[in-house]
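Student: I have a structure I would like to understand better, so I am pasting it below and will then ask my questions one at a time.
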Amino acid sequence: MRHTRALTVAGSVRTSTFGVRNIVILIAVAVALLWAGVAFAQEAFVSHRLSQQVTELRRQNAEIVAQNAGYKKDVQALQSGTADEEEARRNGYAKPNEKLYLVTTASPSPSPPAHR
């Protein structure tokens, strides 16, 4: 016959209701919640960084579109010949029977000599 030892003395109340099994389960749940929280924070951070990158790429695309529009305008001017005419006018050439006014910045007037 096998003898077993009683966990409590007869007539006494067990005061510790929080056993080792409950502590292990509580620790496991806490670790799982902590792991889930860290994973959520990482995903939120990655999502935020990707959102910033998308915004930056959209801004860069808008700049490139504006540059392309300028280049298209230059190409059209070169193809139609208006760019040659504009360049010639900058160099002082004019069409026959046309008055040409050259607008420049005012040069500084010489200062009068100082009296001694």
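Student: Check each of the GluC sites (Glu not before Pro) in the range 31-116 and keep only those in coil by DSSP with at most 12 other C-beta atoms within 10 angstrom; list them in order.
Tutor: Hits after loop and neighbour filter: E98.
Student: For the range 20-90, with equal point scatterers placed on the C-alpha atoms only and solvent neglected, what are the log10 I(q)/I(0) values from the Debye formula at q = 0.16, 0.24, 0.26 1/Å, to two decimals?
Tutor: Computed log10 I(q)/I(0) values: -0.77, -0.99, -1.04.
Student: Just in the range 53-102: which chymotrypsin sites (Phe, Trp or Tyr not before Pro) are loop by DSSP and have at most 14 other Cβ atoms within 10 Å?
Tutor: Sites meeting the loop and neighbour criteria: Y93, Y101.
Student: Give the residues of the range 55-84 whose amide nitrogen is closer than 18 Å to a point set 7 Å from the Cα of R90 in the direction of its Cβ.
Tutor: Taking a point 7 Å out along Cα→Cβ of R90, the residues of the range 55-84 whose backbone N falls under 18 Å are 70-84.
Taken together, the values in this text are just the output of simple stated rules run on the coordinates, not laboratory data. Bear in mind that the values here come from a model prediction, so they are computed numbers and not experimental data. Using ideal geometry, Cβ is built from the backbone for each residue, glycine included, and neighbour counts are taken over all protein chains shown.
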